[in-house]
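In what follows, a structure is listed as structure tokens, so that the remarks can point back to it.
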Amino acid sequence: MEESYSSQLTHKDTHSIQAVVLAAGKSTRFAMGSSKLAFPLCGQPMVLYPLSVLEALAIPTIVVTGYQQELIQQIITQRTKITPLFVEQTIQKGTGHAVACSKAFWQADHILIINGDMPLIDQALISRVLNEHLATKATVSFVVATCDDQLNGYGKVIRANNTIKIIEARDFKGTAQEGQFINAGIYLISKDFLHAEIEKLSLHENSQEWYITDIIAAASNMGLHIHTVETDFDTIRGINTVNELATAEKIIRHRIIQKYMQKGVYFEQPETTIIEQSVTIGAGTRIGAGVHIAQNTRIGTRCIIGCYSTITNSILNDQVTILPHCVITDSEIHDHVSVGPFAHVRNVHSLHEHACIGNFVEVSNSTIGAGTKAKHLSYIGDANIAEKVNIGAGTITCNYDGFQKHVTTIEKNVKIGSNNSLVAPVTIGHDAITGAGSVITSDVPPYALGIARALQVNKEQYAQRLNESRSFIGAIKTDTPSSHNEK
């Protein structure tokens, strides 16, 4: 049995380690026309997952880029706090060549090499690798796992006659038992040994590439100490295809949801819910089926998020209720607000306490005061609405004149009648009322009643005369001989 080592790193340990992240590949098998490392999993580009682990462990990092290097560098510099050293692999000639490109910048005693397409690795695994490597005084340590032999894209770890080597999957001819351990693609190597051997790697004829895996055989042939760290396959899954991407994202989703369930968040159907990495959710919140919460959204305590709602880059404070089928984007919602069902809230500066945005209501680029209600079939755009306003069903703010947008201002305690069109720019003074069916084009003073509709005219007996006229015309048509009977 292998000796157990602490998963905690000391400050001294991290300064003896330097990481090299391989992020130069062309993603040929990914077949989506762009680098797989830029593709988001649960809202975070793939390459950021291993980098976030290295950042958390305070390990200085070199990133080897090549294919779409500007995109990869931009993602890393804009979305992480670390400042890695970027090295370009101008021609993609394999993992050994990629590592060699970073040779001039190795400064630590041990070099940690990680593939950039490993979003499932965690701090515990990397800490274990580093601690066991240092404790055993190994020259080379690397991570292995067992998996279904059908997953034959992984190199096989072969032990025989006190030697160890890694054989590429396409070159492996042994039995399933012989190839049960696969190479994860995580290595920790003494800098002195790596520096001496990296240039000695042989070119593989079939691929015309140099493989970093050949370092294992080189160390073994020299009788140096090689240490393997075994872990479960779901921790080290790499991604080469879209199918593998979907599998990895499913695992990440499960991890995120499990984390929040442990903190007291309830998910009605967790297998249908998408919570991105950047999201935070408070205890006591209930999340319905099919909910998608994305892009730095912050949700407070004891909220209810109804099924099939999507919330993006928004802040929901405590005890907010989002009824089913709502879309909320770039908005701030205060305590005790109710939204939905089937509501659309976007670019809203604030929905204040106890406001209510009801079914089939859209609110855009507006501020809604405390206790204000718009419960049915309304559009509110570019509006500043104060507290305790009631907006009748079917009301809209006419904010766009075809050239620019204008603001509607509604002061406190106003009652807006049903089917109003408020033509901006316009102000409705506090405690005013507007009549149902009005088209309000001018300001309404405080406490006033604003009515803007045509005078109703009733034409007596009109319907009766119309019916009699129709009956008379019908009788004439019936009595007229058809054209084919005329002489």
(request) For region 390-405, state whether one or more residues are buried (at least 20 other Cβ atoms within 10 Å of the Cβ), farther than 25 Å from Val320 by Cβ and in the same structural domain as Val339 (by TED's automatic domain parsing). (result) yes
(message) Looking only at region 171-193, how many residues end up being within 38 Å of the chain's Cα centre (by Cα) and modelled with pLDDT of 95 or more?
(response) 6
(request) Scan region 405-421 for residues that are in contact with a Gly (Cβ under 8 Å, 6 or more places away or on another chain) and in a loop (DSSP other than H, G, I, E, B) and report the count. (result) 7
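Does region 278-315 hold any residues that are on the phi < 0 side of the Ramachandran plot and touching a helix residue (DSSP H, G or I) at 6+ places or on another chain (Cβ under 7 Å), and which are they? Lay out the reasoning, then the answer.
In the first step, residues of region 278-315 are kept if they are on the phi < 0 side of the Ramachandran plot; the result is 278-283, 285-289, 291-294, 297-301, 303-307, 309-312, 314-315.
Selection gives Ile281, Ala289.
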(request) Would you point out the residue of region 227-237, among those that are buried (at least 19 other Cβ atoms within 10 Å of the Cβ) and not basic (Lys, Arg), that is nearest to Ala160 (Cα to Cα)? (result) Thr228
(message) Can you go through Gly394, Gly402, Gly371, Gly358 and tell me which one is modelled with pLDDT under 95 and either in a loop (DSSP other than H, G, I, E, B) or closer than 14 Å to Ser418 by Cβ (or both)?
(response) Gly402
(message) Only one of Gln74, Gln92 is touching a Gly at 6+ places or on another chain (Cβ under 8 Å) and surrounded by fewer than 22 Cβ atoms within 10 Å (Cβ to Cβ). Can you tell me which?
(response) Gln92
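If you check Asn384 against the conditions, is it modelled with pLDDT of 95 or more, polar (S, T, N, Q) and either assigned to a loop (DSSP other than H, G, I, E, B) or not assigned by TED's automatic domain parsing to the domain that holds Gly369 (or both)?
On the way: modelled with pLDDT of 95 or more: yes; polar (S, T, N, Q): yes; either assigned to a loop (DSSP other than H, G, I, E, B) or not assigned by TED's automatic domain parsing to the domain that holds Gly369 (or both): no.
In short, no.
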(message) Restricting to region 237-266, and then to whatever is touching a Cys at 6+ places or on another chain (Cβ under 9 Å) and of a type in the set (A, V, I, L, M), can you tell me which residue is nearest to Gly282 (Cα to Cα)?
(response) Ile256
(request) State which residue pairs qualify: first residue free of Cβ contacts under 8 Å to residues at least 40 places away in the same chain and inside region 22-46, second residue hydroxyl-bearing (Ser, Thr, Tyr) in any location, beta carbons under 8 Å apart, and separation of 6 or more residues or different chains. (result) Ser34/Ser27; Ser35/Ser27; Ser35/Tyr67
(message) Among the listed residues Thr372, Thr301, identify the single one that is outside the structural domain of Pro45 (by TED's automatic domain parsing) and within 24 Å of Gln258 (Cβ to Cβ).
(response) Thr301
(request) Give me the pairs, please: first residue somewhere in region 280-294 and surrounded by 16 or more Cβ atoms within 10 Å (Cβ to Cβ), second residue anywhere and modelled with pLDDT under 95 and not basic (Lys, Arg), beta-carbon distance under 7 Å, and either six or more positions apart or on two chains. (result) Ala294/Gly43
(request) Determine if region 29-52 includes at least one residue that is at pLDDT 80 or above, assigned by TED's automatic domain parsing to the domain that holds Ile75, part of a helix (DSSP H, G or I) and among the β-branched types (Val, Ile, Thr). (result) no
(message) Suppose the filter is closer than 19 Å to Thr367 by Cβ and either crowded, with 21+ Cβ neighbours inside 10 Å or assigned by TED's automatic domain parsing to the domain that holds Thr367 (or both); does His336 pass it?
(response) yes
(request) Could you look through region 164-223, keep only residues that are within 19 Å of Asn115 (Cα to Cα) and of a type in the set (Gly, Ala, Ser), and pick out the one that is surrounded by the most Cβ atoms within 10 Å (Cβ to Cβ)? (result) Ala184
(request) Go through region 422-466 and give me each residue that's in a strand (DSSP E or B) and within 19 Å of Cys398 (Cα to Cα). (result) Leu422, Val423, Val426, Thr427, Ile428, Ile433, Thr434, Val439, Ile440, Val444, Gly450
(request) Determine the pairs where a residue that is in the same structural domain as Thr228 (by TED's automatic domain parsing), located within region 100-127, has a partner that is in a strand (DSSP E or B) and aromatic (Phe, Trp, Tyr) with Cβ atoms under 6 Å apart, the partner being 6 or more residues away or on another chain. (result) Ile113/Tyr187
(message) For region 104-143, which positions are surrounded by fewer than 19 Cβ atoms within 10 Å (Cβ to Cβ) and aliphatic (A, V, I, L, M)?
(response) Ala104, Ala108, Ala124, Ala135
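In region 83-104, what residues are assigned to a loop (DSSP other than H, G, I, E, B) and polar (S, T, N, Q)? Steps first, please.
Residues of region 83-104 assigned to a loop (DSSP other than H, G, I, E, B): 83-84, 89-94, 102.
Listed by number, the residues that qualify are Thr83, Gln89, Thr90, Gln92, Ser102.
The values are calculated or read from the model by the stated rules, or taken from the named source; none is laboratory data. Predicted, not measured: the structure shown is a model, and the values here were computed from it. All Cβ positions, glycine included, derive from the backbone under ideal geometry; neighbour counts span all protein chains shown.
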